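What follows is a set of notes on a single structure, which appears directly below.
The values are calculated or read from the model by the stated rules, or taken from the named source; none is laboratory data. Since we're looking at a predicted model, the values are computed, not measured. Cβ: placed from backbone, ideal geometry, glycine included. Neighbour counts: every protein chain shown. For the accessible areas, the whole protein counts, side chains as well, though only heavy atoms, and no ligand, DNA or RNA atoms are used. Shrake-Rupley method; radii C 1.70, N 1.55, O 1.52, S 1.80 Å.
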Amino acid sequence: MSRTQHPPTAGTAPQSHQLTGSASQRPRAASLSRRVLAQALFETMTMVRNGEQLLLLVILPVMALVGLTFTDLLDPYRVDGASRVDVAVPGILVLCVISSAFSGQGIQTGFDRRYGVLRHLSTTPLGRSGLIAGKLLAILAVLVLQYLVIAAVAAWLGWRPSGLAVLGSIPLLVLVAVTFTGLGMLIAGTLRAEATLAVLNVVWVALAAGGGVLFPLTTLPGWLSRLVALLPSSAAGELVRECFLGTPATLAPLLVLGVWAVLSWAATVKWFRWV
């Protein structure tokens, strides 16, 4: 006598079907691009929500823009009828990049390293390359916000740039961001967090005051101007000023900035410590 086969009870499924269904419903790991974008969003929000960072990223550059526009400090450097705000804006944009890529991200990275955040993130699926890519994207996102704020304030002050100059400034500012991110990461990855904070703030002030960012090199004596011309800040200021003011473009600042970009990242890859 054969055994009777009973159909499965309603609401149940064969075991093989249950295993298949549960496997198909398992959550999939996010792709690398999504992980990088998530990290970039986190880094961006961390920077813009921090009061001290906001002072460095937006408030001080806006104050410098207004101050340079309403004083005669830039009058000797006005060419072809350019207004004060025309001469001031390029340097202010470079200062914004240095604030976010060099000081802002450098300080944040230094303290993340101190508290073990970098060590933890480097062992996650994000990985070290994904973490660095997220930081670069965050800097570019903050730069977009800075550009919009500075452009709005400058337009209120009478700034009327050509569309070609605005488009041409974008790749230049991206190159500046890449260069100063490498320098900021190098300092944050080799010094203690407190030393990183002190060094980056002091260097930021020095570059803004006499590094060729806000004021052209003609403000300095001959021998000193030739020395400062080798700094990435001076090269960045000259490139962006040439772009907006329509003065003849020179190759030397671009070469200087490119060399600094390569050297800064090569040094970061070699000496950066994650713990």
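Summary of computed values
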{"item": "Extension gain, Asn201 back to Arg160 (0.36 nm per residue minus Cα-Cα distance, nm)", "result": "11.5 nm"}
{"item": "Stretchable slack from Ala38 to Asp72, in nm (0.36 nm times residue separation minus alpha-carbon distance)", "result": "7.7 nm"}
{"item": "Peptides ranked, highest mean first, by Cβ atoms within 10 Å: ranges 59-65, 209-215", "result": "209-215, 59-65"}
{"item": "Anisotropy class of region 217-275 from Cα gyration tensor, a/c 1.5 cut", "result": "prolate"}
{"item": "DSSP H segments from the chain that extend 27 Å or more along their own axis, Cα-based, with Kyte-Doolittle mean of 0.0 or above", "result": "127-156, 163-188, 251-271"}
{"item": "Alpha-carbon centroid distance for the pair region 216-275 / region 56-126, whole angstrom", "result": "15 Å"}
{"item": "Full-stretch length increase - Ala229, Leu255 - with 0.36 nm per residue and alpha-carbon distance subtracted", "result": "8.2 nm"}
{"item": "Value at 222 nm in deg cm²/dmol, rounded to 500, when DSSP H runs of n ≥ 4 in the chain each add -39,500 (n - 2.57)", "result": "-22500 deg cm²/dmol"}
{"item": "Only Lys, Arg (+1) and Asp, Glu (-1) charged, at Cβ; the chain dipole about Cα centre in debye", "result": "1340 debye"}
{"item": "Efficiency of FRET between Lys270 and Ile170 - r from beta-carbon atoms, R0 25 angstrom, step 0.05", "result": "0.25"}
{"item": "Fraction of accessible area attributable to carbon and sulfur, the chain (%, probe 1.4 Å)", "result": "68 percent"}
{"item": "Accessible surface, per residue, of the chain when the full set of protein chains is kept, probe 1.4 Å, Å²", "result": "54 Å²"}
